[in-house]
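Some notes on the structure that comes next.
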Amino acid sequence: MSAPEAAVMAIEEARVAAPNPIDETLTSRFACRAFCDAPVARQTIEEILRVARYAPSGANIQPWHVYVLTGEIKRSVSAALLEAHETARDDHVSEYKYYASDLPDRYLRRRQEFGRLFYGSLGIHQADAEGRSRQTAKNYSFFGAPVGLIVTIDRRLEVGSWLDLGMFVQNVMLAAAGRGLQSCPQETFAKYHRILRPLLSIPAEQMVVCGISVGKARVQSQDRLMPRADIDEFATFLGFED
Ligand SMILES: Cc1cc2nc3c(=O)[nH]c(=O)nc-3n(C[C@H](O)[C@H](O)[C@H](O)COP(=O)(O)O)c2cc1C
């Protein structure tokens, strides 16, 4: 090994040995579904959004828009969506399709595993439609979080801008985690765009993509519920020497 290569190796070894705060934030974030009602200041949310806006976006288009809800307006939104969920859920449909109708096997297996772990952790039997519906309903009260975000995108934009939006949403969640807050991204809100639009004065060209609950987790740290496939399942390395 040449001297420069040895130096690079030494730096790499030192880096691996040191705890990395970004890795820590990435791996400790989880979809939180039980929040304390302790308020989160507007200033904190502003700070989160101010750093989240540094998400990259193709041609720097920055396609995101966020409605930040707390207090009375959040309560009105929750009440309206809960009522729709109870009485008219079949009359509502999202403007975009999140899941493929025919999930290829590997993804189908992961979704089944998600169902087993998720409902198992809540003590809800998978065949218990009422129990699952009660769990879905909790989405609409933002799982008790003091702040709820509704994220929209201009419908005239293409799938590339949706990639950008996903990075922005992740940045919001990581910036929240960096401040001791947890979050849950929620596509369940997209279904009720017809109710959200007049309540939040969402312009016609904006499509509701998801919600994000933000607050202090009721349980600060927990064992990871949802596993991830290891890298050999999704990464192909080429040209590396062993
Ligand atoms: C775009 C998006 C939408 C999601 N929508 C919901 C939702 O509506 N309700 C919910 O409880 N979880 C929702 N989740 C959370 C996922 O179920 C969760 O991220 C996944 O099970 C992995 O768990 P983890 O984030 O705790 O690691 C959503 C996640 C993403 C990325």
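Computed values, structure above
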{"quantity": "C-alpha long axis of helix 42-52 to longest principal axis of the chain, angle in °", "calculated": "50 degrees"}
{"quantity": "Kirkwood Rh, Cα atoms: Rg over Rh of region 113-242", "calculated": "1.03"}
{"quantity": "Under 19 Å from the Cα of K138 - lysines, other chains or at least 8 residues apart", "calculated": "K74, K191, K216"}
{"quantity": "Centre separation in Å (Cα based) which lies between region 115-169 and region 40-59", "calculated": "21 Å"}
{"quantity": "Whole-angstrom Cα spans of region 75-190 along principal axes, big to small", "calculated": "39, 38, 35"}
{"quantity": "Stokes-Einstein D (µm²/s) once Rh is taken as the Kirkwood radius of the chain over alpha-carbon pairs, at 20 °C in 1.002 mPa s", "calculated": "106 µm²/s"}
{"quantity": "Highest to lowest packing among 41-51, 209-219, 232-242, scored as the average C-beta count within 10 Å", "calculated": "209-219, 41-51, 232-242"}
{"quantity": "Separation in nanometres of the label points that stand 7 Å from Cα toward Cβ, at D91 and Q126", "calculated": "3.3 nm"}
{"quantity": "FRET efficiency estimate (nearest 0.05) - Cβ-Cβ, F237 to L199, R0 41 angstrom", "calculated": "0.25"}
{"quantity": "Peptides 88-99, 2-13 ordered by average Cβ neighbours within 10 Å, highest first", "calculated": "88-99, 2-13"}
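Taken together, the values in this text are just the output of simple stated rules run on the coordinates, not laboratory data. Not measured: the values here are computed from a predicted model. Please note: Cβ atoms are built from the backbone with ideal geometry, for glycine as well, and neighbour counts cover all protein chains shown.
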